[in-house]
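Worksheet for the structure shown next.
Quick note: the coordinates plus some simple rules give every number you see, no bench work behind them. What you see is a predicted model, and the numbers here were worked out from it, not measured in a lab. Every residue, glycine among them, receives a Cβ derived from its backbone with ideal geometry; neighbour counts consider all protein chains shown.
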Amino acid sequence: MLKGKVALVTGAGQGVGQGIALALATEGAKVVAIGRTLAKCEKTAELIAERGSEALALECDIKELGSLEAAVEATVEQFGTIDILVNNAQEVPLGTLHSVTDEAFEAGWLSGPVATLRLMKLCHPHLQGGGCIVNLASTAAKRWDASGYSAYAAVKEAIRALTRGAASEWAADGIRTNVVLPHAKSPGLEWWIENNPEESAAFIATIPMRRVGECEEDIGRFVATLCSDACAYVNGQSIAVDGGQAYMG
């Protein structure tokens, strides 16, 4: 489905990013796994190699423009181009408005919408003529009670706005851009479930399928399909991969 394609995935050392990287590789893509911790990205690359695909692991601080530039340069040097960009990595500011510090919100802004925009622009020359961008956001803005989640939702909603802009402006360049809003068993969510059993049980009960998605099997495989020719006419969409919890209309 993706044989011969080159995919750059941020935050690929664990969780959803790793699940997406593995799913893309399973479909034949060559994957560049980037993240803050090189050892974790190298583990993802090893898992990809075991599946018979090629991978490159790179250390990258997505909040730094120079680090993003170096990652794109290394990707093109290794594989010649970039066909798929997945913006997954982000630090998220969680808490009430009074409890979220300026530093936490700024980190969420820099690692989220700013990094997403920078990397989309850096990859644009290589994506032209058939490339695909998948950005990761959240259904947090659809919560009926935004208490404790508004700062988190704000930086994620900015990513959705940028996605719509790229979808509108770059479709003529042959680039599709969509955003996925997942519920998945990331390390962060697993920690939250373990430490907040009552709240997490109530949360899972609001998911019609009564379970949280698997990083590779549910989220990764969907992203791989979205990047394939099977979805060649899908552009500018916000797609909740969340077992039916959020209504994105």
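Answer yes or no: is there a residue in the range 69-86 that is more than 22 Å from Ile159 (Cα to Cα) and acidic (Asp, Glu).
Yes, the range 69-86 has at least one match.
Has the range 50-68 got any residue that is aliphatic (A, V, I, L, M), free of Cβ contacts under 8 Å to residues at least 12 places away in the same chain and over 22 Å from Ala137 (Cβ atoms)?
Scanning the range 50-68 turns up no residue that is aliphatic (A, V, I, L, M), free of Cβ contacts under 8 Å to residues at least 12 places away in the same chain and over 22 Å from Ala137 (Cβ atoms).
For the range 177-211, which positions are among the β-branched types (Val, Ile, Thr) and either over 19 Å from Lys142 (Cβ atoms) or surrounded by 22 or more Cβ atoms within 10 Å (Cβ to Cβ) (or both)?
Thr177, Val179, Val180, Ile193
Name the residues in the range 59-98 that are of a type in the set (Gly, Ala, Ser) and over 16 Å from Asn135 (Cβ atoms), would you?
Gly66, Ser67, Ala70, Ala71, Ala74, Gly80, Gly95
Please enumerate the residues belonging to the range 191-230 that are hydrophobic (A, V, I, L, M, F, W, C) and in contact (Cβ under 8 Å) with a residue 40 or more places away in the chain.
Cys215, Ile219, Phe222, Val223, Ala224, Leu226, Cys227, Ala230
Quickly run through the range 163-190 and pick out the residues that are within 24 Å of Thr101 (Cβ to Cβ) and either part of a helix (DSSP H, G or I) or acidic (Asp, Glu) (or both).
Once the filter is applied, which keeps residues that are within 24 Å of Thr101 (Cβ to Cβ) and either part of a helix (DSSP H, G or I) or acidic (Asp, Glu) (or both), the range 163-190 yields Pro187, Gly188, Leu189.
Going through the range 1-27 one residue at a time, which ones are among the polar types (S, T, N, Q) and either assigned to a helix (DSSP H, G or I) or crowded, with 24+ Cβ neighbours inside 10 Å (or both)?
Within the range 1-27, Thr10, Gln18, Thr26 qualify.
Of the residues that sit in the range 28-48 and are part of a strand (DSSP E or B) and β-branched (Val, Ile, Thr), which one is surrounded by the most Cβ atoms within 10 Å (Cβ to Cβ)?
Across the range 28-48, the extreme among qualifying residues is Ile34.
Residues of the range 124-148 being under 19 Å from the mean Cα position of the chain (by Cα) and in a loop (DSSP other than H, G, I, E, B), which ones?
Gly131, Ala137, Ser138, Thr139
Quick one: in the range 75-123, which of the residues that are in a helix (DSSP H, G or I) and either among the β-branched types (Val, Ile, Thr) or within 14 Å of Val6 (Cα to Cα) (or both) is nearest to the chain's Cα centre (by Cα)?
Within the range 75-123, the match that is nearest to the chain's Cα centre (by Cα) is Thr116.
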